[in-house]
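The values are calculated or read from the model by the stated rules, or taken from the named source; none is laboratory data. All values derive from a computational prediction rather than experimental measurement. No Cβ is skipped: glycine too gets one built from the backbone with ideal geometry, and neighbour counts run over all protein chains shown. Just so you know, the surface numbers come from the protein's heavy atoms only, side chains and all, with ligands and any DNA or RNA stripped out. Shrake-Rupley method; radii C 1.70, N 1.55, O 1.52, S 1.80 Å.
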Amino acid sequence: MTDVEAKYYTAEQLAGRIVDNSSGWIPEDFRSGHSLVYSSPATLAFNSPGAEGFGVKRAALSVPESIELIVSPRCCGHMSTDLPGGRDVNERLFFMELSEIDLVTGRYLKKIPGEVEKAIQARIDAGFTKPKAVLLVFTCVDALLGTDMDAMASGCEKKTGVRVVSAPMFALTREGMNPPMVQVRRSIFSLLEKRKRNPHAVNVLGSFGGFDSESMAELHKILATAGITTIRTVADCSSYEEFQKMAEANFNIVIDQEARAAADDMEKRLGIGYIELQRFYGKDRITSQYKAFLKAIGVEDAGVFSNPSNDFSGKTFAIGECANAMPVELALALLEYGGKVSEVFCTLSQRDAWYILQISQRSPKTRFYFNQHPSMIGFKPDSDVDICIGRDACWYYKDEPVRKITANRDRQPFGFAAVGELFKEISDGNLSHLETTPWSEHQLENISDQSGAVSVVFPMDSLTVIIDAGGCTGNICGFDEPRWFSQKAMIFSAGLRDMDAIMGRDKELVRKIKEAAELLHPSFITLIGTPVPSVIGTDYAGLKHEIEKQTGIPVAAVNTNGMDGREKGIEKAKKALKGIFPEKD
């Protein structure tokens, strides 16, 4: 691999694009799906559907007194007992492993109701009360096979007498209208049954971990002026009955746009309207939002607003997207407080345009990086940075003597309380080290063939492309490959989306691989198979031939399927490499 400079755009450049084309200003190479996806250690363990934070697996267990059954190939589910959240979370999770024969014949569909019944009984046998609900998690293979998941959930419910809902975990739909973290929220709140409304109660939707105590106290103070005395979040419900009381709310407060679809569903089904609030760090924006919010619910002047102030002159920040903040808004806020912002790591969206225009006036040279871009493998820290905010920013600076503020705890901050907490952390003069989760070997025997294949080529000068939608790459690097967090390797996800798989868009994959190869100059290219290409019948020989023709670089095609064991993947990888290195064992 040749040395490469991480791709970025300055605030000044982005502002110029906004002025020229307000609807199409986001650079093509910074759009999800345009390039191979670099799941760097900076984002991987914190964004992957099954890793730290709240992916679908953990989020689906937010409902108290519920259990979860994952119906998936080995590669999607074998690490599921390592979810954050402790023993209570992991003991409520069950796994139905699918084989290749299961997928070819569809025989597993008849077994699912029985597996749900067994999971319920296992929970009872362990000394717990009978679960009140079951979340049935399906993966990309069922999306491609056209499984009627709602009908399956209904059948399981009839057999067991327990509420069952499906919670699709389809990484293929990440940029669609109903991506995984949107769908899981819809699934969770579909369990609510209509109740008499309580004019003094509201729900907050959008945070699976709830608010921290200071932020909740602030919200209580604000809402008390409107006669609201009860605020509920799913995280604060200790029982299924308490969760059901969320159906009594007068209205919902949506603090994350991924919860909007669930709020829409609740409005149609339960008659509960909603208001959206955003997490701001600029004090003027917080004040204006609170005043507009109270006016909307009939309160003209609450008289309870704080006015935090601080001066960060002389401090230079790097801002990440793995944080409880909108990174571009946070960058503007820190500039407003007198600081400097060297760089922002984020996925740009239309809502960022106004903030970028403001940033360009204050700090035109602030750099914007796209975490997923292949060139991020070559990112080098800026020696001027004093403080990093966000897990991803902290990872990029993990070996640098800077203040590291991860800012992504489960219990989230909001409003002026969030600003106060951030001020306190920034003002702390002590350097910090990024805490990492130690890799565990206890599930080594369950690692799938695709992970075994990656382990073979990991130390080699290979551009390794995992033909998946992103979730498999997250599981391979985030769980199965302990070297990933300490050594650089050119491992990328193909970033497949539903129409790529359905239409068999191999030409688009070849284009992405060619562009990455021209950027990184690897000695050879390795293709790693997953359940998705297995289901759609990818022609590995044809793909290998076309990539070699387009790039002039030898290709090893490893037709793993994510359902066999680790040793099988190692064997397949070594056999594929023989075609490139015949002299090596």
Overall form of segment 344-388 per C-alpha gyration tensor (a/c, 1.5; a/b vs b/c)
oblate
Which lysines does Lys512 reach when only Cα atoms under 26 Å apart count, and residues fewer than 8 places away in its own chain are ignored?
Lys7, Lys380, Lys488, Lys544, Lys549, Lys572, Lys574, Lys575, Lys578
Of the options Gly273, Phe170, Gly579, report the single residue whose Cα projects farthest towards the positive end of the charge dipole of the chain (beta-carbon charges: Lys, Arg +1; Asp, Glu -1).
Gly273
So what's segment 211-366 giving for Cα Rg divided by 2.2 N^0.38 Å, two decimals?
1.19
With every protein chain kept in place and ligands, DNA and RNA left out, what is the accessible area per residue of segment 110-215? Probe 1.4 Å, answer in Å².
43
Cleavage-rule hits (GluC sites (Glu not before Pro)) in segment 535-585: DSSP loop, at most 11 neighbouring Cβ within 10 angstrom:
Glu583
For segment 307-426, rounded, prolate or oblate, judged on the Cα gyration tensor with a ≥ b ≥ c (square roots of eigenvalues), a/c < 1.5 rounded, else prolate if a/b > b/c?
rounded
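Ignoring everything except DSSP H segments at least 4 long, calculate the 222 nm mean residue ellipticity for the chain; use -39,500 (n - 2.57) per segment, divide by total residues, nearest 500.
Taking each H run of at least 4 residues, the total per residue is -11000 deg cm²/dmol.
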Charge dipole (the chain, unit charges on Cβ, about Cα centre) - positive-most of Gln361, Ile124, Ser451
Ile124
Row for segment 219-280, column shape: gyration tensor on C-alpha, a ≥ b ≥ c, rounded if a/c < 1.5 i.e. under 1.5, prolate if a/b over b/c, else oblate; value rounded
Can you tell me how much longer the chain between Gln361 and Glu336 gets when fully stretched, taken as 0.36 nm per residue apart minus their C-alpha distance, in nm with one decimal?
7.9 nm
With labels modelled as points extended 7 Å from the Cα through the Cβ direction, what inter-label distance (nm, one decimal) is found for Thr287 paired with Ser23?
3.7
Ratio of the chain's C-alpha Rg to 2.2 N^0.38 Å, to two decimals?
0.99
Taking a crude spin-label model, label points 7 Å out from Cα along the C-beta direction, the Glu548 to Glu567 distance in nm is 3.0
Ratio to report: Rg/Rh of segment 369-422, with Cα atoms as the point set and Rh obtained by the Kirkwood method; give two decimals.
1.04
Between Phe485 and Ser427, what FRET efficiency follows from the Cβ-Cβ distance if R0 is 30 Å, with the result rounded to 0.05?
0.50
Evaluated at 37 °C and 0.692 mPa s, the Stokes-Einstein D of segment 1-43 based on the Kirkwood radius over Cα pairs, in µm²/s, stands at 263
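Please compute the contact order of segment 151-284 in relative form: average sequence separation of alpha-carbon pairs under 8 Å and at least six residues apart, divided by the residue count, as a percent.
For segment 151-284, the relative contact order is 26 percent.
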With charges only on Cβ, +1 for K and R and -1 for D and E, what is the dipole size of the chain about its Cα centre, in debye, rounded to 20?
980
Once normalised by the length of the chain, the mean sequence separation of its alpha carbon contacts under 8 Å that are 6 or more apart gives a contact order in percent of 19
Could you look at the chain and say what percent of its accessible area is carbon and sulfur, using a 1.4 Å probe and all protein chains?
49
In terms of modelled amide H atoms, which long-range or inter-chain residues lie less than 5 Å from the amide H of Thr530?
Ile467
Amide H proximity to Gly339 below 5 Å, modelled H, separation 5+ or other chain, gives Phe312
